[in-house]
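To keep things clear, I will list the structure first and then write my remarks on it.
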Amino acid sequence: MENQVNDAQPINAKGLILLIGSVFGALTAFASCGSFSSIIGGLIGGLIFAIFFNSVLLPQKPHDR
């Protein structure tokens with residue numbers, strides 16, 4: 001029997017958050033307005049919010065314990 005080594009690559013969480021935020025921002029904007037320009041605006045808005053989330057809300061602060 002062979003030894004199988006699983007070289008699991010770590011998930012790039014920040015990149016995944018950027019992708020999901022952009023896609024869902026575009027889908028939400030399209031659902032609310034229904035035009036092509038709303039898709040672009042939602043994509044940009046979702047990307048900006050995802051960048052804010054990654055840089056401000058996501059970093060873990062060291063605790064005193």
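In the chain, carbon and sulfur make up what percent of the accessible area (probe 1.4 Å)?
67
Taking 4 °C and 1.567 mPa s as the conditions, I'd like the Stokes-Einstein D for the chain in µm²/s, using the Kirkwood hydrodynamic radius from alpha carbon pairs.
My calculation gives 92 µm²/s for D.
Mean residue ellipticity at 222 nm from the helices of the chain, using -39,500 (n - 2.57) per DSSP H segment of n ≥ 4 over the full residue count, to the nearest 500 deg cm²/dmol?
Per the formula, -20000 deg cm²/dmol.
On a 0 to 90 degree scale, rounded to 10, what angle separates helix 13-33 from the longest Cα axis of the chain?
20
Computed FRET efficiency, Cβ-Cβ of Ile11 and Ala31, R0 22 Å: what is it to the nearest 0.05?
So, using R0 = 22 Å, E works out to roughly 0.20.
Helix 36-52 sits at what angle to the longest principal axis of the chain, using alpha carbons and giving 0 to 90 degrees rounded to 10?
Roughly 40 degrees, rounded to the nearest 10.
I'd like the accessible area for Val5: 1.4 Å probe, protein heavy atoms, all chains in place, Å² to the nearest 10.
Around 110 Å² of this residue is reachable by solvent.
Run the numbers for Gln4 and Ile39: contour at 0.36 nm per residue of separation, minus the present Cα-Cα distance, in nm.
8.1 nm
At 1.4 Å probe radius, can you tell me the per residue accessible area of the chain in Å²?
On a per-residue basis, 89 Å².
The values are calculated or read from the model by the stated rules, or taken from the named source; none is laboratory data. Everything numeric here is computed off the predicted structure, so don't read it as measured data. Counting neighbours? That spans all protein chains shown, and the Cβs are built from the backbone with ideal geometry, glycine included. The area values use the complete protein model at the heavy-atom level, side chains included, leaving out ligands, DNA and RNA. Shrake-Rupley method; radii C 1.70, N 1.55, O 1.52, S 1.80 Å.
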